[in-house]
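Below: one structure, written as structure tokens.
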Amino acid sequence: MTFQPTTLPGLRANCIICLLLVFSACGGPRTTTSAELPYKKLIHNAEVETLAGNYLAAAENYRKAYDQKPRKKEILFKAAELFDRVRDYKKAANAYQFLEADDQRWPLLGLQYGRALKQDGRYEQARRQLGLFIESYNGADRAIVKEIVNNELMGLRLAQEDVSVPGAVDIDRPGRGVNTSADEFGPVAIAGDQLFFTSTAGGQSRLYQSRLQAKEWTKATVPPGFPVIAEGEFGTGSFSADGQVFFFTICSGLTGEDATNRCEIFRGSRNASGIWSQPERLNAEVNQPGSTNTFPSVFIGSDGLAVLYFASDRPGGKGGMDIYVSTQIRAEDPTTFAVARPLSRTINTVSDEVTPFYDLESGVLYFASNGHPGFGGLDVFRSAVDGLGDFQRPENLGRPVNSSADDYGLSLAAGTGRGYLTSNRSFDEVKFNTTETDIYTLNFRAGRARLKAMVYDNTTGSELGGAEVTLLELMPDGRVTELEKRTFPTGIYDFNLQPGSNYQVVIRREGYQGAEYQVETSEAGSSLYGQPVFLLRNAIQNSTGQGARPQVQGGGNQQELPPPPTVPAGNGSRPDPGLVGPPPAPASAPKNVAPVAYRIQISASRDFVAEDGRYERVRAIGNLQAEPIPGKQLQRITVGYFTDAAAAKKALAFVQSNGFPSAFAVRYDDGQRHGLVRL
């Protein structure tokens, strides 16, 4: 498998494609060396293993051959590059250190050595080595090499000065149900408790699935009925939100020093019975001939057309692997996409950007890169969409998401506060090497404050999209600082907050009166904040018969907003982990009970824990509550309150597609439960 570097031949010894697709041919624990073998036999073994793609075994042979003839520096260099390629950073650095700079044979030795030190976590040594290298490097490509080295140095400063809050994100490594002694990567979650991922167990890269049951992952199995990939290897995939449409990569799987591994993106689907369709290759606008096109991330837009983010090394990019986006052209032709557009230079660099994941709910793109300042090789970054529809400057997610190793392939399980990550890091007392790639779980709710709630039409009770929400921080000295202003396409609004802070939330929507309220976050603990906002239409008349107008709260020329909706049992500024959507008063029957109203019944349960992660996504449509079933030791779990049948039907579809397929609508007449109703 040939590594194609950015714009500098031989710049990196480890290949991005090999690193991320992790075919078994890219190296493993296998070794065929013996200290007693003669020099020529070791060299022969190394050459054979290299051609077979067994790079770790080849590196061990070369290193032992060098030990027998330490004047053969070129043999040590081959060993170092191969150790680097299989991500054994310690052995790579320990080999590079015995080599002397040679402008003819290995002009980028200092950069390679410095990077190996960095990924082994020896930050201060890496900083010194990279500084010495760039001072003396005078190649014709010095300008771009200097840019790369400066990026590495900025990453080292970032790592050494990192102020990530301990416990802000919990990270864990699932056991044998998911991770094995082979490579696991490409995690994607469905309905919060089902995980699809890729594994090279058994010597072939295949798709597997596992479920989270009683806090343990079940033994991974091949999804029943998933099409057999007869030629090539399965790469990574991405599901639509309803879990029915699957975009994934098939790669040639060719190995050897001169082989070229090309990847293409396919589309498949499965019906309600779990029957999979045969995969169809996407058109040439996505799968440009002669290039690798991989790491798809898909969501279905409001028009029903797929929007696809992916990575490609096609000509015309910024360098290395770049991230592109393309949109399905016609609903009746699911494989035909428009010309793929590269993301801006804010995202793409001269190095590699891969594994995009677009979170539709928050409007944030997550991706991995070694071209932005990072802690190791590949780091995970996030970038939100600005007011002009472009991506803002990426933010490094910091520890523990990123490490000195390679971290990539982040995906989020909608509405759970959980994420999944691919990394080759060593981990506590359960994993000691960096040559094996595993999947890690992330809990983003640990020790972090979050504002998430819903905007409604006060008249219909239905979700109200298109609201502009401004988040302001209220400083102790009285100053007010605007932090973010975003327009949300759905009624859900969502911001990250800092513990121990005060905020003002201001909501505006064309055609409606505005609203605002304050939030005070606690110093510690994981908490969700926010209150629902019911906006009045401008045309609504007040009690005097005159058109409604803003009330004035305090002097000056500033017009104030109407008071926020009443929040029972609190003022909306206290932590309420179990309540993200409307509180009980507006979500159950309001004081002025509607003649006909609807709620969505999720299930019946003996035990109900409101803060259970299963419910987080559906809480976005309204208050989640339980009511006892007469004569039984069970409770009905319901969500939302709708006076409009169309809004209730839309809410039912949302609940059914977010983990509760058996949910149904319940009708209330004058506040009294009528029973199940078909909408």
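Could you go through segment 648-662 and let me know if any residue there is more than 30 Å from the chain's Cα centre (by Cα) and either closer than 18 Å to residue 452 by Cβ or modelled with pLDDT under 80 (or both). No: segment 648-662 contains no residue that is more than 30 Å from the chain's Cα centre (by Cα) and either closer than 18 Å to residue 452 by Cβ or modelled with pLDDT under 80 (or both). Checked against the criterion of being surrounded by fewer than 20 Cβ atoms within 10 Å (Cβ to Cβ), on the phi < 0 side of the Ramachandran plot and more than 14 Å from the chain's Cα centre (by Cα), the candidates 314, 382 yield just one match: 314. When the strands (runs of 3 or more DSSP E) confined to segment 164-251 are screened for residues that are over 18 Å from the mean Cα position of the chain (by Cα), those reaching at least 3 such residues are found at 206-213, 245-251. Considering only segment 352-363, I want to know if a residue exists there that is under 27 Å from residue 492 (Cβ atoms), crowded, with 19+ Cβ neighbours inside 10 Å and aliphatic (A, V, I, L, M). No: zero hits. Evaluating residue 307 against the criteria (1) buried (at least 22 other Cβ atoms within 10 Å of the Cβ); (2) within 21 Å of the chain's Cα centre (by Cα) leaves one unmet condition, (1). Selection within segment 186-242: residues that are at pLDDT below 90 and among the β-branched types (Val, Ile, Thr). The member of this set that is nearest to residue 307 (Cα to Cα) is 190. Taken over segment 647-679, the criterion of being outside any strand (DSSP E or B), surrounded by fewer than 16 Cβ atoms within 10 Å (Cβ to Cβ) and of a type in the set (Gly, Ala, Ser) is satisfied by 653, 662, 671.
In this structure, residue 391 does not qualify as surrounded by fewer than 24 Cβ atoms within 10 Å (Cβ to Cβ) and either touching an Asp or Glu at 6+ places or on another chain (Cβ under 7 Å) or farther than 23 Å from residue 309 by Cβ (or both). Counting just the residues of segment 429-439 that are in contact (Cβ under 8 Å) with a residue 24 or more places away in the chain and over 19 Å from residue 195 (Cβ atoms), which one comes out surrounded by the most Cβ atoms within 10 Å (Cβ to Cβ)? Restricting to residues being in contact (Cβ under 8 Å) with a residue 24 or more places away in the chain and over 19 Å from residue 195 (Cβ atoms), the top hit is 434. Candidates 214, 182: the one that is surrounded by fewer than 20 Cβ atoms within 10 Å (Cβ to Cβ), in contact with a helix residue (DSSP H, G or I) (Cβ under 8 Å, 6 or more places away or on another chain) and among the small types (Gly, Ala, Ser) is 182.
The conditions of being closer than 28 Å to residue 489 by Cα and surrounded by fewer than 23 Cβ atoms within 10 Å (Cβ to Cβ) are met by residue 298. From the list 170, 141, 162, the lone residue that is over 18 Å from residue 404 (Cβ atoms) and in contact with a Phe, Trp or Tyr (Cβ under 9 Å, 6 or more places away or on another chain) is 170. Within segment 173-184, if we keep just the residues that are out of contact with any Phe, Trp or Tyr (no Cβ under 7 Å at 6 or more places or on another chain) and modelled with pLDDT of 90 or more, the residue that is nearest to residue 377 (Cα to Cα) turns out to be 183. On the stretch given as segment 428-451, residues that are outside any loop (DSSP other than H, G, I, E, B) and among the hydroxyl-bearing types (Ser, Thr, Tyr) total 2.
Looking across segment 612-633 at every residue that is farther than 13 Å from residue 602 by Cβ and not in a strand (DSSP E or B), the one that is nearest to the chain's Cα centre (by Cα) is identified as 613. For residue 425, the criteria (1) crowded, with 20+ Cβ neighbours inside 10 Å; (2) outside any loop (DSSP other than H, G, I, E, B); (3) free of Cβ contacts under 8 Å to residues at least 24 places away in the same chain hold in every case but one, which is (2). Quick one: would you say residue 115 is surrounded by fewer than 22 Cβ atoms within 10 Å (Cβ to Cβ), within 18 Å of residue 372 (Cα to Cα) and of a type in the set (D, E, K, R)? In short, no. Right, residue 503: at pLDDT 55 or above and in contact with an Asp or Glu (Cβ under 9 Å, 6 or more places away or on another chain) or not? Taking the combined requirement at face value, the residue satisfies it. When the criteria are applied in full, residue 125 fails the requirement of being over 20 Å from residue 352 (Cα atoms) and surrounded by 18 or more Cβ atoms within 10 Å (Cβ to Cβ). Every condition in (1) out of contact with any strand residue (DSSP E or B) (no Cβ under 8 Å at 6 or more places or on another chain); (2) closer than 19 Å to residue 514 by Cα is met by residue 479 except one, and the failing one is (2). Scanning segment 152-172 for residues that are at pLDDT 90 or above and of a type outside the set (A, V, I, L, M) returns 152, 155, 157, 172.
Find all pairs meeting these conditions: Cβ atoms under 6 angstrom apart; at least six residues apart or on different chains; first residue within segment 137-156 and without any contact (Cβ under 8 Å) to a residue 60 or more places away in the chain; second residue not in a helix (DSSP H, G or I). Filtered contacts from segment 137-156: 139/107. Taking the conditions (1) buried (at least 18 other Cβ atoms within 10 Å of the Cβ); (2) free of Cβ contacts under 8 Å to residues at least 24 places away in the same chain in turn, residue 505 satisfies each one other than (2).
The values are calculated or read from the model by the stated rules, or taken from the named source; none is laboratory data. Being a predicted model, the structure only gives us computed values, none of them experimental. Don't worry about glycine lacking a Cβ; one is built from the backbone with ideal geometry, like all the others, and counts go over all protein chains shown.
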